[in-house]
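Structure record follows, encoded as structure tokens.
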Amino acid sequence: MQSTKGIWKVITASSAGTLIEWYDFYIFGSLSTIISHKFFPDTNPTAALLSTLATFAAGFIVRPFGALVFGRLGDLIGRKYTFLLTLVLMGGSTFLIGCVPGYATIGGWAPLLVLLLRLLQGLALGGEYGGAATYVAEHVPSNRRGYYTSFIQTTATLGLFLSLGVILSVRRIAGVDAFTNGDAWRYPFLLSIVLVAVSVFIRLRMNESPMFLKLKTEGKTSVNPLKESFGHKTNFKMVLLALFGATMGQGVIWYSSQFYAQNFILTKCNIEYEQANTIILIALVIATPFFIIFGSLSDKWGRKNIMLAGMLLGALLYRPIFQQLYETADTSKKVILADQTTIKYAAELVKGSTADSLHTTTITSYFEDGTKQKVTSKQKITASAEKSTATVTKETVLGETGRLNMIAYIALMVVFVTMVYGPIAAFLVELFPTRIRYTSMSLPYHIGNGVFGGLVPFIATLITTLPGTNYLSGLWYPIIVASLCFVIGSLYLSNKVNTNIGD
Amino acid sequence: MNQLKRILGLLWLLTGPILFIILITSAVHNINSNGNGDINKPLPWIIIISIFTPIVIGFMIFGWYAFKGEYDTPNP
């Protein structure tokens, strides 16, 4: 077993790389609107098709596929070199996305190249997590495995934090116009190569996992990890149990509390872009220590109890919490300071037209609690006086109380994430034997997180097409999946911590 | 408890095909060339159905294993 100093070196090397991989994966998602505009113009149907592929295939197909490819490799040649490879693949793809010229410069090659690089990102992400979690778990003492592996668990949320922080900083330094219309959006992608270089340097100096080395020395490594993982009933039934009793629920809680919440306050509550993302950033900072707390508690209370409690809390409290978020931003219930309201009107010729005009009305209202709301209405009027349907956009900047309330609600939901996610690395590692651990734990994790979690916005939109639905109806998907997972986990999972993972 | 695990196993086994049918009918109902959203395009549905088919089959196998007592807690 490693000395404490050695353990922290292992954790730092593993966590830094995993954090960077998450950062790389998230910046593409966070900048998807700009990327779409630069590489996938709506006017070109093929580019639009490639855009859809980039969105759906990377998360839903390539991530689980990456779990199989790199999981197998990790069980055959070792954890260290496999998760070095995923890191280089991820960093290289991210850097290159930042280098690809736009559609306006190289035409159809631009969306094709970006799609390929995005798929490589998905592939690398699929291989990274299982390697890092396994590598750390195989170095640490069994009675503190939940505690030590929980540091790996913080990386996904810290990766989101880092990506939002870098994007907001670059946006502020370069200016909104240079960021969205110029090339400043490329900087977060280019930065990745520096982060990856540092992380690769650290990881190269690490040794192979002692448990894997022992197996290798004894000649007991698996010859066919895929067949052993999914072809043998004893192990396959545990893969299914891990997916339907744990990672499926973890995935929807993970996604809904962070990304769905972020999207909800931007699009349903109409919170101004910078304030919305700052609220998310602060909530993430407040909740992140709970990954360690719940990881550590899982060593005493068992993994199952904590993970299932997180799922149950999410299932029970999502609707009331999201309702509170909505009401916090709802100006119809706030007292308006009527004497401070300003109305601006402007009319200009539509670009490229000599007769059609665009009429813009902006009403800025102030409220007693410090909230400010800007409602902009744009309407095109043709030379023959035909009026188009006005497009109305709202932008709300919350006052101090509203802002703090929103931070508290989102931080609470991220605490649910820490409950389901903090202990899950230790839980998955303890479920499978060393010789096929990387393969066996990677697949259920990425199906749970990537597929069940990643489907939240799609299914939520699908639900809102049904009659009688409202802005909260989309939450039924994560609520039902988390509840189902809670029932399955409660019945079929054991709460006993498996302290002997050395086969 | 083992009895309940087995009975619910049957439920999981039967839920699989129902989920699959819901998925297919949702796709047929929502794919629309005039729509702008992702749920109106065929490609996301093809990807989702492709990835969900093995998951649904996995859920049915899970139910079958549960029904056969593979997840029973051994008697002390």
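Here is a check on your reading of the model: is A:S222 touching a residue at least 40 places away in the same chain (Cβ under 8 Å), within 14 Å of chain B (Cβ to nearest Cβ), within 18 Å of A:L73 (Cβ to Cβ) and out of contact with any His (no Cβ under 9 Å at 6 or more places or on another chain)? No, not satisfied. Those helices (runs of 4 or more DSSP H) of the stretch A:1-91 in which at least 1 residues are away from chain B (no Cβ under 14 Å) and over 22 Å from the mean Cα position of the chain (by Cα), considering only elements entirely within it, cover A:4-30, A:32-39, A:63-77. Residues being among the polar types (S, T, N, Q), in a loop (DSSP other than H, G, I, E, B) and either within 10 Å of chain A (Cβ to nearest Cβ) or touching a residue at least 12 places away in the same chain (Cβ under 8 Å) (or both): count how many of those fall in the stretch B:31-44. Of the residues in the stretch B:31-44, 1 are among the polar types (S, T, N, Q), in a loop (DSSP other than H, G, I, E, B) and either within 10 Å of chain A (Cβ to nearest Cβ) or touching a residue at least 12 places away in the same chain (Cβ under 8 Å) (or both).
Screening A:V140 on (1) without any contact (Cβ under 8 Å) to a residue 24 or more places away in the chain; (2) outside any helix (DSSP H, G or I) shows it passes everything except condition (1). Taken as a whole, the condition of being under 30 Å from the mean Cα position of the chain (by Cα) and of a type in the set (D, E) does not apply to A:E218. Residue under question is A:L119, and the condition is that it be under 17 Å from the mean Cα position of the chain (by Cα), assigned to a helix (DSSP H, G or I), within 14 Å of chain B (Cβ to nearest Cβ) and surrounded by fewer than 21 Cβ atoms within 10 Å (Cβ to Cβ); does it hold? Considered against the rule, which asks whether it is under 17 Å from the mean Cα position of the chain (by Cα), assigned to a helix (DSSP H, G or I), within 14 Å of chain B (Cβ to nearest Cβ) and surrounded by fewer than 21 Cβ atoms within 10 Å (Cβ to Cβ), A:L119 comes out as yes. For the stretch A:479-490, the tally of residues that are at the interface with chain B (Cβ under 10 Å from one of its Cβ atoms) and in contact (Cβ under 8 Å) with a residue 40 or more places away in the chain stands at 2. What about A:I336, is it more than 28 Å from A:L164 (Cβ to Cβ), free of Cβ contacts under 8 Å to residues at least 60 places away in the same chain and surrounded by 15 or more Cβ atoms within 10 Å (Cβ to Cβ)? When the stated conditions are applied, A:I336 passes them. If a residue must be of a type outside the set (A, V, I, L, M, F, W, C), more than 14 Å from chain B (Cβ to nearest Cβ) and touching a residue at least 24 places away in the same chain (Cβ under 8 Å), how many such residues does the stretch A:465-478 contain? The total comes to 2.
Once the stretch B:45-73 is narrowed to residues that are part of a helix (DSSP H, G or I) and among the polar types (S, T, N, Q), the residue that is nearest to the other protein chains (Cβ to nearest Cβ) is B:S50. Selection of the stretch B:35-76 for residues being within 19 Å of B:L19 (Cα to Cα) and of a type in the set (S, T, N, Q) yields B:S50, B:T53. May I ask you to list the residues in the stretch A:466-486 that are exposed (fewer than 15 other Cβ atoms within 10 Å of the Cβ) and in a helix (DSSP H, G or I)? A:I480 - this is the single residue of the stretch A:466-486 that is exposed (fewer than 15 other Cβ atoms within 10 Å of the Cβ) and in a helix (DSSP H, G or I).
Taking (1) within 14 Å of another protein chain (Cβ to nearest Cβ); (2) under 16 Å from A:P64 (Cα atoms) in turn, A:K237 satisfies each apart from (2). Can you confirm whether B:L13 is surrounded by 17 or more Cβ atoms within 10 Å (Cβ to Cβ), at the interface with chain A (Cβ under 9 Å from one of its Cβ atoms) and at pLDDT 95 or above? So B:L13 does not fit the description; no. Every condition in (1) touching a Lys or Arg at 6+ places or on another chain (Cβ under 9 Å); (2) within 24 Å of A:F230 (Cβ to Cβ); (3) aliphatic (A, V, I, L, M) is met by B:I31 except one, and the failing one is (2).
The values are calculated or read from the model by the stated rules, or taken from the named source; none is laboratory data. Keep in mind the model is a prediction, meaning the values are calculated, not measured. Every residue, glycine as well, gets a Cβ built from its backbone with ideal geometry; the counts of neighbours run over all protein chains shown.
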